[in-house]
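What follows is a short report on a single structure.
The values are calculated or read from the model by the stated rules, or taken from the named source; none is laboratory data. Remember, it's a predicted structure, so these values are computed and weren't measured experimentally. With ideal geometry, Cβ positions are generated from the backbone for all residues, glycine too; neighbour counts draw on all protein chains shown. To get the accessible areas, we keep the full protein, side chains included, count just its heavy atoms, and leave off ligands, DNA and RNA. Shrake-Rupley method; radii C 1.70, N 1.55, O 1.52, S 1.80 Å.
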Amino acid sequence: MQTMGTENPSHANLPLRPATTPFAAPQSTTPFLSSGPVVGSDASPYRPIRPPTPDSTLPSISPGPVIGSGASSFRPTPPGTTNDPSMPPPPSLYTPPTAGPFQGFPTPQFPSTVQPPPPRTSLAGQPVYSSTVRPPAGHVSYMPAFPHLQSQKPSMPIRPPPQSINTVPSGLNVPQSTLDSSFLGSRPNLQPSSPLVGSTYPARPTLQSAFPGYPSKQPNTVTQAPLVQTPAFSVHQGGNVPPQTIASAPFVSHQGGYVPPPPIAAPQSISSRADMQFCGYRPEMGSVQGLIEDFSSLFLESAPGSFDPGLDCKALPRPLEGDVEPNSFAMMYPMNCSSRYMRLTTNAIPSSQSLVLRWQLPLGAVVCPLAEAPDGEEVPIVNFATTGIVRCRRCRTYVNPYVTFTDGGRKWRCNICSSLNDVPGDYFAHLDASGRRIDLNQRPELTKGSVEFIAPAEYMVRPPMPPLYFFLIDVSISAVRSGMVELVAQTIKSCLDRMPGYPRTQIGFITFDSTIHFYNMKSSFSQPQMMVVSDLDDIFVPLPDDLLVNLLESRTVVDAFLDSLPSMFQDNVNVESAFGPAIKAAFMIMSQLGGKLLIFQNTLPSLGVGRLKLRGEDLRVYGTEKEHALRLSEDPFYKQMAADFTKYQIAVNVYAFSDKYTDIASLGTLAKYTGGQVYYYPSFQSAIHKEKLRHELSRDITRETAWEAVMRIRCGKGVRFTTYHGNFMLRSTDLLALPAVDCDKAYGAQLCLEETLLTTQTVYFQVALLYTSSSGERRIRVHTAAAPVVSDLGEMYRQADTGAIVSLLCRLAIEKTLSSKLEEARNFVQLKIVKALREYRNLYAVQHRLGGRMIYPESLKFLPLYGLALFKSKALRGGYADVQLDERWSAGCTMMALPVKRLLKLLYPSLIRVDDFLLKASSKADEFNNTWKRLPLSAESLDSRGLYVYDDGFIFVIWFGRMLSPDMTMSLLGEDLNTDYSKVNLRKHDNNLSRKLMGILDNFRENDPSYYQLCHLVRQGEQPKEGFLLLGNLVEDQVGGTNGYVDWVLQIHRQAQLNA
């Protein structure tokens, strides 16, 4: 490949292109769909010459027009000129004839006897322009890459554009295409630059660069047709769209004309008129490959007879910068809610059912209604007071930035159902000349995509409930000996002052082993009164009025109880667990108010209703149709209790501690259907897991919580959400019952089209969460977003959101494990990815020589890797021997509730080298956030002389290389240097290196406070611990019979090529 200013030693050095193009078609005010590229507004006669024999050894060179009778008037562009894409091309000095072929057809018919006159040139050989129009400095014009397509013989028929190509607005006068449809398809996504204000020159486009670091062939350069700056996705069907003088929206898709990329170097020109040719519809050698490639690709061809896959591992795309969201979507709809609240799997909604089928990936959204907002971006609170909340009378949509006001401000039109509504008198405001309310800047609900309304009394079935926390604690012998009971009591006591809802907060306790222990904490007592119920078959509640108390009023009694709880059961030798009767008793106490039930369970339930037995020991069940039953609740009692809890607004969080099987698939059902979550601590020991339990329990009972909530997602005409995925109970077809919601919960939903063809240009979505705040207010949090409707599958892929797709795909796969084998769930994920890449490949298979290349949209470049990571996650990987039943189910339950960013970090964790930073004399821990660099998750990234931190959001693994400096190891571990690392608790020592490392870990925890990353220390070569904690989690390597990243990509590519 030549660079600018070099010569090709094997061919004649051809002169560069001229500065202007004399063979131009008449200028139009509308974008050309398929006609030949033109520059300026003039046309000149042209005589086709015999075609020369193509030279197959040359690259595809586009013959250019010749001025005068020879090549002598061609002058190379001076070295000082640049290809400025923001400058328009100069006009031609010639005028088109007033009559003739221009009247009937867009393509002129040229006589064969007239030669075009040469333009006046300056002394430097540059064209002379009129005094009123000057060529931009450093301007370089483009030559057509397909000159034979600029003029056609009179006998050649005029063909309409292919039906698959999107046309411009029907009201515009656009010339028909004479280009063969075999060279047309989905056009590249080009963004034209803006012309100068007042200029009549069309703007020259800039080509979005291909994915950096990946091979792709340079497209040939062609001239540009005059373009009209159209709105995104050409939404004005049938209207006259005037040219814009500002930069166009980022979604302009040139569906009808060849548009040039920025030239890398000036191409070679033809030195003689005899070299010009007319070849009808036959392209030149290599001209098909010269079409602009609007996709990223990987070369996967290997040499014949070689076992080398032909793929450079370093060239594979990796999300080392974390989650990357589509930026253009936010630019197009600036009034949308933030993506932290709602993310669509594609920000371009398909216009037809056929497009939905061809999309292949999940179509839907991931919603996190209470996501934490950074300082300065809090959701505004609106109180309509006596006016009442303004809603559509037909579809009940809340007023939002996309509604329109008419009739002088007396009516407003709903953006969801298009109904016309009256504006309440107290809400009336006049409209200005542009139709906007004059008080728009004082109305957050009309300018912000997210807003929170204070709900009036009609939104309440009962008075707002107070925040209520009820603790159900296992006090059997294993729970006491592990230190769980003591640590839980200490943590709860330390959080009493920070519980939300003060002074309305209610609290209560039950402990259990083989019997049920109730505690009367009446404020008049100095010590709690314990009552024991041993009749498990007919459970009842003694003193129901005093088992739930106001925390402020009974604070001294609660403190006394928590102080005495560990010693109260320190000599307990009871090994039984009456878990089922205990949760029935808790339900009886809480059903009057609702609230949050926190369960601390250490032993498999063995007595009373809901008792469970060991299962999963029979290895013959795995791989059969009965395998999925192990991941379902064994006893229907638990699902029935979950339904009762939800009905009475009770959310359940399960904290499971055990080194033995405790059937979390059954216990976790309580959390799954009540909007709760499961915290799993296998082989819990207080000395090791103390900080993790303390942090996660503290966050659970102190974070802001939405109580007795329901959520509904509304969407525009022709579209609806059909299925929902996450931890909740579905009360009706579209109403999610959520007894308690917080910032760490997200929910997935799948979308479908109710109509065969959408007639709207934009689809609107609105998420509404009705809840009670901890302060006792009934509120409605509303998130509104808009997305364009497109008829181009390529645009859907270009606007895809990998994070939302992976999040929804993960939820679907985990749910599939509850009814199918693990292998079928993994195949489901793989098949979705393969079909999507195959469908995308079909879009470009005709126009481009793909060969052995794997092509994919830039927006989905990380999808194969996240698919592989999902394969290797605890929820889906392997079989019985790979992940224990309890661990697999708890991981799946957690992943079902994770927001997008945290799920992506769990699937592809951070691997960071820190020893170099620790040795810098002047560095501080805070500076590390700006300098650290993530490494590929492969053993090749590990250097035996280094110190590495692996972080997936749930654990830290500190990897000590075999050749790491002994002085550094001594500084970090102190006297534990020669101790078994599994027994070492990393702590801060009195030296600079230790303080820096602990500071780095603390910064990581502060950036993601949802869970506490417990530190695990590993020496290089220390097996099996190294393999279990680190090497087995390096998703790019071949581990345990699973594919590595390279083999996975090759497998996906081979399958995508089938029937492509």
Considering each of H1016, H1053 in turn, give the residue that is open to solvent by 20 Å² or more (accessible area, probe 1.4 Å), under 28 Å from C313 (Cβ atoms) and not in a loop (DSSP other than H, G, I, E, B). H1016
Selected residue (criterion: least open to solvent (accessible area, probe 1.4 Å)) from residues of the range 974-991 that are in a helix (DSSP H, G or I) and in contact (Cβ under 8 Å) with a residue 24 or more places away in the chain: Y981
Quick check on my filter: what residues within the range 614-637 are touching a residue at least 24 places away in the same chain (Cβ under 8 Å) and over 18 Å from A881 (Cβ atoms)? E625, L632, S633, E634, D635, F637
Yes/no for Y948 being surrounded by 18 or more Cβ atoms within 10 Å (Cβ to Cβ), in contact (Cβ under 8 Å) with a residue 40 or more places away in the chain and among the aromatic types (F, W, Y): no
Regarding L843, is this residue out of contact with any Leu (no Cβ under 6 Å at 6 or more places or on another chain), open to solvent by less than 10 Å² (accessible area, probe 1.4 Å) and part of a helix (DSSP H, G or I)? no
Determine, yes or no, whether K448 is part of a loop (DSSP other than H, G, I, E, B), modelled with pLDDT of 95 or more and basic (K, R). yes
Taking the range 560-603 and keeping only residues that are in a helix (DSSP H, G or I), within 23 Å of N653 (Cβ to Cβ) and open to solvent by 10 Å² or more (accessible area, probe 1.4 Å), one is left with P566, K584, F587, M588, I589
Condition check: outside any strand (DSSP E or B) and either out of contact with any Phe, Trp or Tyr (no Cβ under 8 Å at 6 or more places or on another chain) or surrounded by 24 or more Cβ atoms within 10 Å (Cβ to Cβ) (or both). Does R343 satisfy that? no
Only strands (runs of 3 or more DSSP E) wholly contained in the range 473-557 count here; list those with 2 or more residues that are hydrophobic (A, V, I, L, M, F, W, C) and open to solvent by 10 Å² or more (accessible area, probe 1.4 Å). 529-533
Criterion first (assigned to a helix (DSSP H, G or I), of a type outside the set (A, V, I, L, M), open to solvent by less than 10 Å² (accessible area, probe 1.4 Å) and farther than 21 Å from G623 by Cα) does G892 satisfy it? no
Give me a count of the residues in the range 376-395 that are on the phi < 0 side of the Ramachandran plot and either open to solvent by 20 Å² or more (accessible area, probe 1.4 Å) or charged (D, E, K, R) (or both). 13
Do we have D882 as among the acidic types (D, E) and open to solvent by 10 Å² or more (accessible area, probe 1.4 Å) here? yes
Can you tell me which residue is least open to solvent (accessible area, probe 1.4 Å) among those in the range 423-445 that are out of contact with any helix residue (DSSP H, G or I) (no Cβ under 8 Å at 6 or more places or on another chain) and not in a loop (DSSP other than H, G, I, E, B)? E445
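Condition check ((1) more than 30 Å from S352 (Cβ to Cβ); (2) surrounded by 21 or more Cβ atoms within 10 Å (Cβ to Cβ); (3) more than 23 Å from the chain's Cα centre (by Cα); (4) small (G, A, S)) across all residues:
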{"residue": "T772", "(1), (2), (3), (4)": "yes, yes, yes, no"}
{"residue": "T784", "(1), (2), (3), (4)": "no, yes, no, no"}
{"residue": "G794", "(1), (2), (3), (4)": "no, yes, no, yes"}
{"residue": "A813", "(1), (2), (3), (4)": "no, yes, no, yes"}
Inside the range 396-416, can you point out the residues that are open to solvent by 10 Å² or more (accessible area, probe 1.4 Å) and assigned to a loop (DSSP other than H, G, I, E, B)? R396, P401, Y402, V403, R410, N415, I416
Within the range 1025-1036, is even one residue in a helix (DSSP H, G or I) and aromatic (F, W, Y)? yes
So which helices (runs of 4 or more DSSP H) stay within the range 650-735 end to end and still have 3 or more residues that are hydrophobic (A, V, I, L, M, F, W, C)? 664-667, 686-702
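Here's the yes/no breakdown for (1) over 30 Å from C368 (Cα atoms); (2) out of contact with any Pro (no Cβ under 6 Å at 6 or more places or on another chain); (3) of a type outside the set (S, T, N, Q):
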{"site": "F871", "(1), (2), (3)": "no, yes, yes"}
{"site": "M896", "(1), (2), (3)": "no, yes, yes"}
{"site": "P899", "(1), (2), (3)": "no, yes, yes"}
{"site": "L947", "(1), (2), (3)": "yes, yes, yes"}
{"site": "D952", "(1), (2), (3)": "no, no, yes"}
{"site": "S971", "(1), (2), (3)": "yes, yes, no"}
Would you point out which residue out of H725, H695 is buried (at least 20 other Cβ atoms within 10 Å of the Cβ) and either within 30 Å of N985 (Cα to Cα) or in contact with a helix residue (DSSP H, G or I) (Cβ under 9 Å, 6 or more places away or on another chain) (or both)? H725
